[in-house]
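Written below as structure tokens is the structure these notes are about.
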Amino acid sequence: AAPSVTPFPGVVVRRRAQGEKVAVDCDACVVGSGAAGASAAIEAARLGRRVVLLDGAPAVGGQATGAIIDTFCGFYSNGPRPELLTFGIAEEIVRDLTRTDAMARIEGRRNTLILYYRHTALQRWLEEALAAAGVTVITGALLSRVEADGARIAAVGAMTRHGEVEVRARAYVDATGDAALAWQAGLAVHEPASETIYGSQNG
């Protein structure tokens, strides 16, 4: 007799049909999960808004975790007795990472205070804060189209490894760092008069 086979516990899933997309409705869609985008998403979700956060990278954090620069400058005033000038999410990050020895203060030139942090610790902090706030995070999502209704963005399309995602929101935040959302929407984007910008992160 053939031996009995116990099926692996869990849910059976299959790839969606070609061209089928997932549609998500929310109050606010934030494009770009760096320091600015993650902060905006967390703050909006804490106010009770339904928030979707899109990022083209495989993990959240943007340049703050992906560029391996690992420093925050300008959080404190200059002088012999520096005072914290940046509050909100930034203040929480400074507090929590300092408590776990994942952040250190370094005195720079002219009495400037620089914060040096472990980028892996910051990334974990952002992941946990986004989850706790109830933000829907979609990483590996590259902007493919932006649907505009005059000067207002109506929907955003993004391609992921699992297919297309369409997000419809009441408000949008372009936190890509290079105006990728505004550019895709056909909105006016200002560039420096004396410099040429090459390339794009296209969060």
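Toward the positive end of the charge dipole of the chain, with +1 on the Cβ of Lys and Arg and -1 on the Cβ of Asp and Glu, the farthest Cα among G150, P58, V94 is that of P58. A simple spin-label model places the labels of N78 and E91 2.4 nm from each other, with each point 7 Å out along Cα-to-Cβ. Protein heavy-atom accessible surface, 1.4 Å probe, per residue over the chain: 63 Å². Converting phi to 3J(HN,Hα) with the Karplus coefficients 6.51, -1.76 and 1.60 and the offset θ = phi - 60°, the range 51-61 yields 10, 10, 10, 10, 8, x, 7, x, 8, 7, x Hz in sequence order, with x at every glycine or proline.
Overall, the accessible surface of the range 60-182 at a probe of 1.4 angstrom is composed of carbon and sulfur to the extent of 51 percent. About its Cα centre, the dipole of the range 129-168 is roughly 80 debye, where the only charges are +1 on Lys and Arg Cβ and -1 on Asp and Glu Cβ. Modelled label positions at N111 and I68, each set 7 Å beyond Cα in the direction of Cβ, lie 3.6 nm from each other. Relative to the longest principal axis of the Cα atoms of the chain, the long axis of helix 89-99 lies at roughly 80 degrees. You can think of it this way: the chain between E128 and H190 has 18.9 nm of extra reach, that is 0.36 nm per residue less the Cα-Cα gap. Pairing the Cα long axis of helix 35-46 with the longest principal axis of the chain, what angle in degrees results, from 0 to 90 and rounded to the nearest 10? Tilt relative to the chain: about 70 degrees.
Summing Cβ point charges (Lys, Arg +1; Asp, Glu -1) relative to the Cα centre of the chain gives a dipole of roughly 380 debye. Cα gyration tensor of the range 20-75, axes a ≥ b ≥ c as square roots of the eigenvalues: rounded (a/c below 1.5), prolate (a/b > b/c) or oblate? Note, shape of the range 20-75 comes out oblate.
The values are calculated or read from the model by the stated rules, or taken from the named source; none is laboratory data. Here the structure is a predicted model, which means the values were calculated and not measured. Cβ coordinates were reconstructed from backbone atoms using ideal geometry, including for glycine residues, and neighbour counts include every protein chain displayed. The protein model used for the area step is the full one, side chains on, heavy atoms only, and it has no ligands, DNA or RNA in it. Shrake-Rupley method; radii C 1.70, N 1.55, O 1.52, S 1.80 Å.
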